[in-house]
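Shown next, in structure tokens, is the structure this report addresses.
The values are calculated or read from the model by the stated rules, or taken from the named source; none is laboratory data. Note that the coordinates shown come from a computational prediction; the quantities given were computed from them, not determined experimentally. Cβ: placed from backbone, ideal geometry, glycine included. Neighbour counts: every protein chain shown.
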Amino acid sequence: MRKIKKICCIGAGYVGGPTMSVIANKCPEIEVTVVDINEKRIAAWNDDNLNNLPVYEPGLEAIISESRNKNLFFSTEVDKAIDEADMIFISVNTPTKTYGKGKGEAADLKYIELCARNIARVAKDDKIVVEKSTLPVRTAQAIKDILHNTGNGVNYEILSNPEFLAEGTAIDDLLNADRVLIGGDDTASGKIAKNTLSKIYEHWLPKENIIQTNLWSSELSKLVANAFLAQRISSINSISALCEKTDANVAEVSKAIGLDSRIGPKFLNASVGFGGSCFQKDILNLVYICKSYGLTEVAEYWDQVIKINDYQKRRFADNIVSTLYNTVSGKKIAFYGWAFKKDTNDTRESAAIYIADTLLDEQAEIVVYDPKVSAEQIYADLDYLNTRSEEENRKLVKVVNDPLEAANGAHAIAILTEWDEFKSFDWQNIYDLMLKPAFVFDGRRILNKEQMMNIGFDFYRIGESN
């Protein structure tokens with residue numbers, strides 16, 4: 001079995017940074033270098049103030065402080081790290097295509113291809129190359145084609161090792177993974193490569209938790225896992241709409257069906273909709289793959305999961321407008337939360353972005369408070385939609401660092417991220433600061449309805465009639 005002395009990870013984002021930090025921490029004999037061409041991001045990973053790390057994850061700061069500059073390094077010297085590494089992880093962004101064939105559905109693999117070509121150009125000795133990004137089925141074949149046709153005599157083994165991290169619990173997910181999936185060729189050299197990667201994870205995980213498959217099964221398993229989880233969320237969210245019309249309570253329905261051992265309780269919490277970097281992107285990718293193979297009915301089935309999610313966000317925003325007497329023009333709406341979920345500063349596909357966009361179309365004035373998301377990121381999210389000019393976004397949206405400032409003079413508050421601190425706010429004080437009647441729209445079902453109504457709020461919680 002090959003001995004791994006040095007690992008290089010290309011991509012210092014939400015997956016690469018935390019994953020490599022844990023590997024370095026648990027494998028002190030291996031030198032791990034995370035590289036990225038984004039100088040600002042690498043500088044943030046190297047910042048002495050751990051509060052400035054580009055990724056916020058509970059437990060990450062402690063892991064970084066134990067290993068950084070010992071056997072964990074963050075660098076912009078991509079070629080050097082590739083050249084010296086025995087094993088190379090590819091952990092770069094694979095966004096949904098915004099152009100050409102597959103626009104709006106297929107994964108854009110240009111960054112993956114650039115990585116493969118860079119490895120082919122630099123490598124002088126044999127490498128194990130590991131796909132860590134979420135990729136469509138048969139991407140490994142494209143990487144193989146590039147690497148095996150360089151003519152420089154270097155041998156490569158390509159592995160698929162998809163991540164199954166939930167943001168906000170990524171470190172615990174890495175340390176206590178219920179499974180690690182390693183896909184590779186079933187050749188003699190392929191089996192050696194799979195065992196070599198398995199040995200790294202076996203430093204802290206039981207061997208029986210590490211599953212070895214062929215490449216295609218590994219790649220498809222990641223897409224299907226995310227599709228199934230998103231499907232559960234869309235399913236309960238569709239029922240939340242029915243509950244609001246029939247006097248049922250979605251929490252009671254969720255509990256009743258979740259106690260069925262065949263179903264289970266996880267991912268059955270109704271909310272304003274799912275977000276994040278993976279669910280929507282992976283389902284769209286799955287839809288595109290099914291269409292490309294002529295599986296139209298299968299594609300339509302999974303596409304409906306996305307449609308329900310979009311509907312839930314639109315329905316929430318429409319309820320705010322209709323409840324506030326069919327107009328929010330010139331009215332101040334406070335957003336509590338912008339991240340797509342608690343315990344992360346990631347805003348990709350956050351429901352808050354699209355609800356804000358809808359309310360801004362209605363000429364609302366929005367004030368945002370989120371404990372971990374910067375004003376720069378919030379404005380970047382709105383600018384990316386290209387719905388209105390940057391100047392308009394900055395005029396209509398204000399970002400504050402104090403929840404009381406956000407509430408002062410507001411007509412309504414929308415709870416859009418389930419941050420724990422929101423539960424412990426002095427809601428009586430918040431009520432006193434707001435215009436009356438004071439409305440609260442709980443899109444995450446985290447507040448006590450009876451207590452809020454006793455204070456005097458007009459309180460609306462998703463999944464219940466009002």
query: Do we find that TYR14 is crowded, with 23+ Cβ neighbours inside 10 Å, of a type in the set (Ser, Thr, Tyr), in contact (Cβ under 8 Å) with a residue 40 or more places away in the chain and not in a helix (DSSP H, G or I) in this structure?
result: yes
Answer from ILE378, ILE413 - the residue that is closer than 27 Å to LEU165 by Cβ, touching a Phe, Trp or Tyr at 6+ places or on another chain (Cβ under 7 Å), touching a residue at least 40 places away in the same chain (Cβ under 8 Å) and buried (at least 23 other Cβ atoms within 10 Å of the Cβ): ILE378
query: Consider PHE425 against the criteria (1) within 30 Å of THR169 (Cβ to Cβ); (2) touching a residue at least 24 places away in the same chain (Cβ under 8 Å); (3) not small (Gly, Ala, Ser): it satisfies all of them except one. Which criterion is unmet?
result: (2)
message: Which numbered condition in (1) among the aliphatic types (A, V, I, L, M); (2) closer than 30 Å to ASP346 by Cα; (3) exposed (fewer than 12 other Cβ atoms within 10 Å of the Cβ) is the only one that LEU259 fails?
response: (2)
- request: Enumerate the strands (runs of 3 or more DSSP E) found wholly within region 356-422, keeping only those where 2 or more residues are under 17 Å from GLY275 (Cβ atoms).
  value: 412-415
- line: In region 167-200, anything small (Gly, Ala, Ser), in contact with a Gly (Cβ under 9 Å, 6 or more places away or on another chain) and closer than 16 Å to GLY59 by Cβ is listed as ALA170
field: Boolean, LYS341 is free of Cβ contacts under 8 Å to residues at least 40 places away in the same chain and either in contact with a Gly (Cβ under 9 Å, 6 or more places away or on another chain) or assigned to a helix (DSSP H, G or I) (or both)
entry: no
- request: Determine, yes or no, whether GLY104 is on the phi > 0 side of the Ramachandran plot and within 20 Å of the chain's Cα centre (by Cα).
  value: yes
query: In region 58-74, is there at least one residue being in a strand (DSSP E or B), touching a helix residue (DSSP H, G or I) at 6+ places or on another chain (Cβ under 6 Å) and closer than 19 Å to PRO18 by Cβ?
result: yes
message: I'd like the full set of residues that are closer than 25 Å to SER374 by Cβ and in a loop (DSSP other than H, G, I, E, B), limited to region 320-338.
response: GLY337, TRP338
statement: Taking region 428-466 and keeping residues under 21 Å from ASP370 (Cα atoms) and in contact (Cβ under 8 Å) with a residue 40 or more places away in the chain leaves PHE439, PHE441, GLY443, ARG444, ARG445, TYR460, ILE462
Those residues of region 124-151 which are assigned to a loop (DSSP other than H, G, I, E, B), buried (at least 21 other Cβ atoms within 10 Å of the Cβ) and modelled with pLDDT of 80 or more, in sequence order: LYS132
- request: Look through region 152-196, keep the residues that are among the polar types (S, T, N, Q) and in a helix (DSSP H, G or I), and return whichever of them is modelled with the lowest pLDDT.
  value: SER189
- prompt: Within region 172-212, can you find the residues that are of a type in the set (Val, Ile, Thr) and free of Cβ contacts under 8 Å to residues at least 40 places away in the same chain?
  reply: VAL180, ILE182, THR187, ILE210, ILE211
- prompt: Got a sec? Which of ASP108, ASP172 is surrounded by 15 or more Cβ atoms within 10 Å (Cβ to Cβ) and of a type in the set (Asp, Glu)?
  reply: ASP108
- prompt: If the Cβ limit is 6 Å and pairs must be 6+ apart or interchain, which residue in region 254-271 that is in contact (Cβ under 8 Å) with a residue 60 or more places away in the chain pairs with which residue that is assigned to a loop (DSSP other than H, G, I, E, B)?
  reply: ALA270/ILE462; ALA270/GLY463; SER271/ARG444
